[in-house]
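What follows draws every value from the coordinates through simple rules; no lab data is involved. In this text, all values refer to a predicted model and were calculated from it rather than measured experimentally. Don't worry about glycine lacking a Cβ; one is built from the backbone with ideal geometry, like all the others, and counts go over all protein chains shown.
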Amino acid sequence: MAARNLHGHVVQMLGQRIISGELKQGEVLPPEATMADDMEVSRTSLREAMKVLSAKGLIEARPKVGTRVRDARFWNQLDADVLAWRCSSMPTADFVQKLSEMREIIEPAAAASAARHRTASQLKRMQVAFEGMEAAPDPEAWTSADLDFHEAILAATGNELLISLFSVIETALSSYFTLSARTTANFKYSLPQHRAVLVAIRDKHPDTAHKAMLKVIADTRENLSNKRRGKS
């Protein structure tokens, strides 16, 4: 395995162990030589991996103490890898709740902004994504089209910060949408709500778009909550 791929493998392995709690917050990691031997990697590869994990806020090195796992409040929670590791070790009710709250803050406002600023080509992109949701033969295809739909809305805001945010949260949203689609007998259950968002943006009605997107998020949250309670 090439050196770059090797240290990337170490980053993935240690990052997942930290996020999952296998390596506990505050825990001091074994000495470098011990870890390198246990993981069968060079100390150079291990050091490179530790630099990456440190940049993500997961670990820190202290004189006379060693390298320890940092408290979760210091983790870069919007880092793409950190989100991916959380998704792979969860989703828990807590994570679903927090992601729902983040969506409620961002996406309704984005839908309203898209209704004000969207261009004809941006609207077309939303329509194509919606048609993909309508035609989806399985939850995987639905999730892909659903992601395209929400990304198209953020793009239609014309706000570069919101547009770049999607690339950060895409992994989390993908897991969220997949989970929702697989926890219902009809994975297209939210199609009417998505249609309402599309129509409001098409007709340039910001307030209606805002309310419609809130409904999309609320329905998904309710679906996941019902599943966790054992309801159909």
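Some observations on this one:
- Applying 0.36 nm per residue to the separation of Glu40 and Asp203 and subtracting their alpha-carbon distance, the gain on full extension is 52.7 nm.
- Nearest-0.05 FRET efficiency for Ser88 and Lys211, computed from C-beta distance (R0 25 Å): 0.15
- Cβ-based net charge around Val216, under 12 Å, with every Lys or Arg adding one and every Asp or Glu removing one: 0
- For region 92-228, with +1 on Lys and Arg beta carbons and -1 on Asp and Glu, the positive-most of Ser180, His210, Ile163 along the dipole: His210
- Under 14 Å, Cβ to Cβ, from Glu170 - net charge with Lys/Arg +1 and Asp/Glu -1: -4
- Once Rg and the Kirkwood radius are both taken over the C-alpha atoms of the chain, their ratio Rg/Rh works out to 1.07.
- Whether region 130-188 is rounded, prolate or oblate, judged on the alpha carbon gyration tensor where a/c under 1.5 counts as rounded: oblate
- Other residues whose C-beta falls under 15 angstrom from the C-beta of Ala109 contribute a net charge of +1, scoring Lys and Arg +1 and Asp and Glu -1.
- Interchain or long-range residues, amide H under 5 Å from Glu60's placed H: Arg68, Arg70
- Label-point separation, Glu101 to Glu22 (7 Å along Cα→Cβ), nm: 2.9
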